[in-house]
Structures are given as structure tokens and as C-alpha cells.
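Nothing in this text is a laboratory measurement; each read-out follows from the coordinates by a stated rule. These numbers were taken from a predicted model, which means no experiment stands behind them. Cβ atoms come from the backbone with ideal geometry, glycine included; neighbour counts cover every protein chain shown.
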Amino acid sequence: MTTHPDTAVLPLDQPAALLGGLSPIEFMARHWQREPLLVRQALPGVEPPVTRAELFRLAEQDDVESRLVVRHGRGDGEDWQLERGPLPRKRLPPLRQPDWTVLVQGLNLHVPAAHALLTRFRFVPQARLDDLMISWAAEGGGVGPHFDSYDVFLIQVAGRRRWRIGRMPDARLRPDLPVKIIENFAPEQEWVLEPGDMLYLPPGWAHDGDAVGGECMTCSVGFRSPHRSELARETLLRLADAVDDEDDAGTRPVVYLDPGQPATTTPGRVPAGLLRFTADAVRRALDEPGALERALGEYLSEPKATVSFEIGDALPAGCGVILDPRSCMLYDDRHVFMNGDSWHAADEDAEMLRRLADARSLDAATVARASDALAELLAQWCDDGWIHPWHGA
């Protein structure tokens, strides 16, 4: 299968400042889900994707996921307050008050500069890449010692933040708090990150970050780590929706029949025939060629509940296309997935759609070679706001 990588992605075999001189291949082999990595000046000259005022305005919006975390006191008398957005400015503490922070999830869905920053990490499969969160913290602000079940790159974009990290296999959470705070946090390493510095943490590493020397802003690039039960539940639901419920002749639904059922003195027992009928239905759903792959791809490309698309413009002739930053496009050997839907793809059309998924754009010359069916699909996606006309090279 030919690949057409996003040109914004780092060359996989070349040393990268973003990764401390490691190539993406070396980073994934040595550190990914293994060991933390501190990179000084991973992004020299980095600017925050939003100002403090812009961040606070985003936190006020209904379609933006935001949180306010406030620490009251220190030591034995320490307490924590959590408030979920939308967060009107008047509900935020005064700027001069220490020990509070505002977090906005999915900044890449709303701010092009955040989307561009997230794109730097597409050497990890898109199916794993989640979003970019930004936090603004007053002096001393943070969310307390905690651990995540996913990989994260912590990028300092303004001010200074002290990070303390440690392996905590015996971590205990403080009871009766609205945030998950590790009670017995014992850091092993500590650094102060300046603008442009970055810290990578694998899943399960406990960490605590506080703003020092004034306010600061930190961007967090997070990755999806679905639980096994979540993947099973979501794929099985989609498999069930796709089950063909008609008989081989296609004339009537297949229902459970038991003409041989004898009279019973144990009416509470589930009939063995009904169990066999159910097991056969599940096997049929799983045995359908490509069914599991289709269900998984649809789930992985499903937008978050807060994501919505605006009706787009018509696709003019002689124009390329580019994915909307909110669109998630994936593929496997048989299907292409976009925003929770799937299509069978083959031949040159499949090649073009895979190129769009990898590079997130198609130039005008490529779009001009699309079949009538693919041209119609691209036009529909433009109408849906999933892709947009593009005049790039």
C-alpha cells in the first residue's frame, strides 16, 4: 500500500529537536510507553496558541470543555475545588490570587495554531492522537499530584512550571475530593520548565506541576488509551446495528422459534436452544467479512460529543481539498472512515482517500483525477463541512 505522509510530520529517521535529537523511530523505540524524556528547547521561540484573555473567553463557551481547579490552603489543611465550564469570567478568582488554574480541552478544535502544534506529533497513529489541552495557572496553580492512563507531552509555552514526577505503583488517592489527588506522592525527579521546554510522560507516571515565578501556560498533547471494555462495548454495539435480521431468502425477520420445547417444571431456567440461537447471532455478526474492522474504525473516528460542523461551501472545479481540523479520517485495507462513518474503497479512489487521511489534504491535480463517485463523495463532505476547498500546492 502506498503511503502519503503529512509533510508537516517529522522525517521518521532524522534527528529532531522536538525529541531532543532523537528521530521519531528512536523515540518510539526507547521512550514511548517506557521512560520519561525531558527535552530542553524542544520548541525554541514557541508562542502560546492563545492569549490569557482568549483562553478565558473560550472557557465561557458552551461548546468548549473547560475546568477551573482551585487549591485552598497547603499541607494538612489543603482542600481542592473543581468547577466545570462554561466558566463566565466573573466566576474566576482574581488574577493576583495564587493556586488556581483554568484548563481548556480540545483547543485544537477551535484555534488553528493549536491544531498546527498538535500536527507535530502525527508520527504516532491518528487513531491514538486525542487532543491538545491548554492550562493557564496563577502563581502556585496546578491540579495536584496525579497520574494519567495515557501518554502525554507537556509543552511549556509561557512562564515557568515546576514538574515533579515519580513511579507510584502503590499510589493512594485522597478520599472525598472532586479531583484525583495522590495522597502518598513521592517524587523521584524535579525540573523547572521554561518556554520551549517539553516533558514526555508514559502512562502511569505520577506528576505534579505548579506555576513558579508568576503565571504560566502549558500545552498538553494527549493520546487515547481506550479500555478493553470500552472497545468491546462500542464495537459490539456497532456490530449489532449492522446485523442482517432477515432470512436467507430476505423475506422475513429471523426470530427464535422452539417448536420442540417440552413442558417444564423449571420455568425459570433459560432454554438451551435460546442460548444457542443467541450465540449463533453473535458469531454471524463477528464472522461477516470486515465487520469488526468497520465497527472499530467507525468508533475510533467518531467525533467527541462537543464537536459539531457548520454547513460548508460547494467544492469548485479545479480546487484541492483539506480536512477540517475537527475531522478524524482513518483507513484500513478495505475501508475509509470519516467522523464515525465508513465507506468501502478500492483502486485509485482508495489510494486518493488514503492520501487524504495521511496528508490531510489533496491538491487540485489529484482531485481532478477522482472518479465520478469519489467526486460526488468529496462534494458531499464539503457540504457537510468535513473538508474544505483548498488552493494550496
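Miscellaneous remarks
- Within the range 275-359, trypsin sites (Lys or Arg not before Pro) in DSSP loop having at most 14 other beta-carbon neighbours inside 10 Å: Lys304
- With contributions of -39500 (n - 2.57) from each DSSP H run of at least four residues, the per-residue ellipticity at 222 nm computed over the chain stands at -7000 deg cm²/dmol.
- Note on Gln41 and Gln61: with the Förster distance fixed at 41 Å, the Cβ-Cβ geometry gives a FRET efficiency of about 0.80.
- Among (i) 1.18; (ii) 1.24; (iii) 0.97, the entry derived from the coordinates for Cα Rg over 2.2 N^0.38 Å: (i)
- If R0 is 30 Å, the Cβ-Cβ spacing of Tyr150 and Arg269 corresponds to a FRET efficiency of close to 0.10.
- Net length available on complete extension from Gln97 to Ala232 is 44.0 nm, with 0.36 nm assigned per residue and the Cα-Cα distance removed.
- Rounded, prolate or oblate (a/c below 1.5 giving rounded, otherwise prolate when a/b exceeds b/c) for the range 1-149 by Cα gyration tensor: prolate
- Note on Ala314 and Ala29: the extension gain reaches 98.2 nm, defined as 0.36 nm multiplied by sequence separation minus the Cα-Cα distance.
- Annotation for the range 281-386: chymotrypsin sites (Phe, Trp or Tyr not before Pro) lying in DSSP loop with at most 16 further Cβ atoms inside 10 Å of their Cβ are Phe309.
- Between the range 17-59 and the range 255-311, the alpha-carbon center distance in angstrom: 43 Å
- The spacing between the range 97-125 and the range 135-198, judged by their C-alpha centroids, is 17 Å.
- Taking the Cα centre of the chain as origin and assigning +1 to Lys and Arg Cβ atoms and -1 to Asp and Glu Cβ atoms, the resulting dipole is close to 1520 debye.
- Shape call, the range 71-208: gyration tensor on alpha carbons, a/c limit 1.5: oblate
- Full-extension gain in nm, Val255 to Trp191, via 0.36 nm per residue minus C-alpha separation: 16.6 nm
- Global geometry of the range 286-340, whether rounded, prolate or oblate, following the gyration tensor of its Cα atoms and the 1.5 cut on a/c: oblate
- Rounded to the nearest 20, the size of the Cβ-charge dipole of the range 143-233 about its Cα centre is 280 debye, with Lys and Arg at +1 and Asp and Glu at -1.
- Label-point gap, in nm, between Arg172 and His391 - each point 7 angstrom along Cα→Cβ: 6.5 nm
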